[in-house]
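A.B. asks: Have a look at this one.
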């Protein structure tokens with residue numbers, strides 16, 4: 001398909017590596033003779049025409065930066081029929097023939113609504129939660145996990161000095177991916193996630209077993225989708241009389257320079273998204289599966305649920321005895 005102008009936006013929560021994806025979109029587009037427009041503040045910017053022309057220099061020195069230089073924002077207006085019509089009108093005014101959306105499932109729902117109304121859209125999975133099906137990883141997840149692993153190491157030092165237990169609450173909405181991967185890599189005694197029912201007595205037993213063999217610390221990684229970190233700490237103290245502190249990492253997990261893995265994956269996905277638009281395709285997501293870039297229907301993505309890595313959870317329990 002012979003297109004001339006494409007747009008790119010980042011939507012939903014920011015994730016390290018989004019800038020690498022935008023850079024890849026812009027430079028791949030320009031290399032192929034396209035005019036690339038950057039849409040500021042996600043769908044809010046699309047509805048209100050906050051759009052700027054991108055050049056090679058506009059994406060210079062951003063591959064290593066966290067967050068998103070295009071910025072992101074929630075848009076209640078875009079969720080309405082009227083808001084979506086405004087967005088389509090803006091696309092027509094600016095001559096945007098294809099739109100690349102970097103974000104999570106909420107962002108993809110918006111992209112599908114535009115596609116149903118005639119727009120050409122391609123989704124690029126960008127969220128630290130790693131809760132998007134049909135892709136092994138999402139942009140930002142690897143960086144977030146490494147941030148949590150680093151925090152676990154620092155917290156273990158002070159926990160050992162005081163002979164305490166520490167509950168570390170991590171992000172992920174209703175997904176336990178960050179907690180599971182970081183807990184396994186960080187050697188946590190217990191990993192508590194929404195996908196698996198937990199037993200507080202088993203958590204307490206693991207703490208005591210560790211103490212009985214001379215362990216000076218106990219690390220419990222808790223996914224925010226489970227919640228109740230402070231209540232859990234009080235329960236542990238009441239049951240086994242072990243001083244238990246809570247650390248909520250919060251938005252520190254969203255920031256920081258993306259890892260090499262996130263930069264490379266984001267670059268590959270962003271470039272492929274441009275190619276799909278040039279091929280005349282629409283309503284697709286580019287994903288990363290078995291170390292290869294592939295594409296899948298966006299509506300299929302939204303209708304599915306990410307498979308839980310039960311074998312990894314089982315391994316984490318074995319290794320934490």
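The values are calculated or read from the model by the stated rules, or taken from the named source; none is laboratory data. Just so you know, these numbers come straight off a predicted model, no measurement behind them. Because the Cβ atoms are built from the backbone with ideal geometry, glycine has one as well, and the counts that use them run over all protein chains shown.
A.B. asks: Residue 282 passes all but one of (1) surrounded by fewer than 17 Cβ atoms within 10 Å (Cβ to Cβ); (2) touching a residue at least 12 places away in the same chain (Cβ under 8 Å); which number fails?
C.D. replies: (1)
A.B. asks: Could you look through region 228-262, keep only residues that are part of a loop (DSSP other than H, G, I, E, B) and without any contact (Cβ under 8 Å) to a residue 24 or more places away in the chain, and pick out the one that is surrounded by the most Cβ atoms within 10 Å (Cβ to Cβ)?
C.D. replies: Within region 228-262, the match that is surrounded by the most Cβ atoms within 10 Å (Cβ to Cβ) is 228.
A.B. asks: Residues of region 190-225 being under 16 Å from residue 156 (Cβ atoms) and modelled with pLDDT under 95, which ones?
C.D. replies: 206, 207, 210, 211, 214, 215, 216, 217, 218 - these are the residues of region 190-225 that are under 16 Å from residue 156 (Cβ atoms) and modelled with pLDDT under 95.
A.B. asks: In this structure, is residue 276 outside the structural domain of residue 166 (by TED's automatic domain parsing), touching a helix residue (DSSP H, G or I) at 6+ places or on another chain (Cβ under 8 Å), part of a helix (DSSP H, G or I) and buried (at least 17 other Cβ atoms within 10 Å of the Cβ)?
C.D. replies: So residue 276 fails the test.
A.B. asks: Being within 20 Å of residue 64 (Cβ to Cβ) and not in a helix (DSSP H, G or I) is the filter; apply it to region 14-42 and report the residue that is farthest from the chain's Cα centre (by Cα).
C.D. replies: Going through the qualifying residues, I end up with 38.
A.B. asks: Is there a residue being under 26 Å from residue 129 (Cβ atoms) and out of contact with any helix residue (DSSP H, G or I) (no Cβ under 9 Å at 6 or more places or on another chain) anywhere in region 236-246?
C.D. replies: Taking every residue of region 236-246 in turn, none turns out to be under 26 Å from residue 129 (Cβ atoms) and out of contact with any helix residue (DSSP H, G or I) (no Cβ under 9 Å at 6 or more places or on another chain).
A.B. asks: Further, regarding this structure: What number goes with the only condition from (1) part of a helix (DSSP H, G or I); (2) surrounded by fewer than 18 Cβ atoms within 10 Å (Cβ to Cβ); (3) not assigned by TED's automatic domain parsing to the domain that holds residue 115 that residue 299 does not pass?
C.D. replies: Residue 299 satisfies all of (1) part of a helix (DSSP H, G or I); (2) surrounded by fewer than 18 Cβ atoms within 10 Å (Cβ to Cβ); (3) not assigned by TED's automatic domain parsing to the domain that holds residue 115 except (3).
A.B. asks: Quick one: is residue 46 part of a strand (DSSP E or B), in the same structural domain as residue 98 (by TED's automatic domain parsing) and at pLDDT 95 or above?
C.D. replies: no
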